[in-house]
Amino acid sequence: MSAERLGPFLLRQPPGVFPLGEDALRLAAFATVRRSWKVCDLGTGSGCLLLLLSGRATGLDLYGVELDPTAARAARDNLMENGLGGTVWTGDWNTLPGGTGPFDLVVSNPPYFAQGSGASGGPARMEGRDGLESLCRTAARLTRNGGRFALCHRPERLAEVLDVLRAHRLEPKRLAFVKNRADAAPWLFLVEAQKNRKTGLRVEPDVLISAGAALYGR
């Protein structure tokens, strides 16, 4: 069992659960979150995004869904051990109970590789059959009108992600690229969409890992 300190919280990660990564840290710092919002993490793993967001805004109503039973159990334990209430469902995000939501914010650090792409990210990084379509359809169903959906993904799939978001009435409003150095190509992008909002995308300054961008500053 490994442990990571995330601001005021301690994240415990059992063996075999997908580990905390830089992408989750950057997504948690990027997403807009406000006090007492209702938040859902699709594919929550051990619950790291829920803990990180709780370090930025108090009184959040926390929910998560996770396919892997071991990871879902870890997420429940992490919320409980850190004194945070919350609900974590075990199962596919397509099968969430009826009446779930609406949420002010939905977040996801999803699998990056499409089936049949020839890429090898391991089973935890390979999309299910419907891939992005399934993720964005679920996020749109769960998000309130005007609510936000924030996710991270690989730059080579940017056009695809934006297209699928818009197809589900999730209008991309903020975009940022993550780089190791100012002169390096980005290895990650962060995007936040709002449900049923007008067009108008703001491209924000690059997030530089070497610059030690704050994780709790927004």
Members of segment 83-98 found to be buried (at least 20 other Cβ atoms within 10 Å of the Cβ) and of a type outside the set (A, V, I, L, M, F, W, C), listed by number: Gly86
Does Gly128 qualify as being modelled with pLDDT under 75 and in a loop (DSSP other than H, G, I, E, B)? yes
Could you tell me which numbered condition Ser36 fails, if it satisfies all but one of (1) in contact with a Ser or Thr (Cβ under 8 Å, 6 or more places away or on another chain); (2) modelled with pLDDT under 95; (3) of a type in the set (S, T, N, Q)? (2)
Any residue in segment 189-202 that is crowded, with 18+ Cβ neighbours inside 10 Å and farther than 18 Å from Asn109 by Cα? yes
Subset of segment 162-177 that is of a type outside the set (D, E, K, R) and more than 13 Å from Leu151 (Cα to Cα) - its residue that is least open to solvent (accessible area, probe 1.4 Å): His168
So which residues in segment 177-201 are within 24 Å of Leu142 (Cα to Cα) and in a strand (DSSP E or B)? Phe189, Leu190, Val191, Glu192, Ala193, Gln194, Lys195
Of Asp104, Asp206, the only residue that is open to solvent by 50 Å² or more (accessible area, probe 1.4 Å), under 30 Å from Gly55 (Cα atoms), among the acidic types (Asp, Glu) and modelled with pLDDT of 95 or more is Asp206
Per the filter on segment 139-161, residues open to solvent by less than 40 Å² (accessible area, probe 1.4 Å) and either among the polar types (S, T, N, Q) or not in a strand (DSSP E or B) (or both) are Ala139, Ala140, Leu142, Thr143, Pro155, Arg157, Leu158, Val161
Within segment 24-45, restricting attention to residues that are charged (D, E, K, R) and in contact with a Gly (Cβ under 6 Å, 6 or more places away or on another chain), which residue is most open to solvent (accessible area, probe 1.4 Å)? Arg35
Restricting attention to segment 46-82, report how many residues are at positive phi and buried (at least 18 other Cβ atoms within 10 Å of the Cβ). 1
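The values are calculated or read from the model by the stated rules, or taken from the named source; none is laboratory data. Worth saying up front: this structure is predicted, and the values here are computed from it rather than measured. When we count neighbours, we look across all protein chains shown, and the Cβ atoms used for this are built from the backbone with ideal geometry, even at glycine. Ligands, DNA and RNA are stripped out before the accessible areas are found, and what is left, the full protein with its side chains, is counted by its heavy atoms. Shrake-Rupley method; radii C 1.70, N 1.55, O 1.52, S 1.80 Å.
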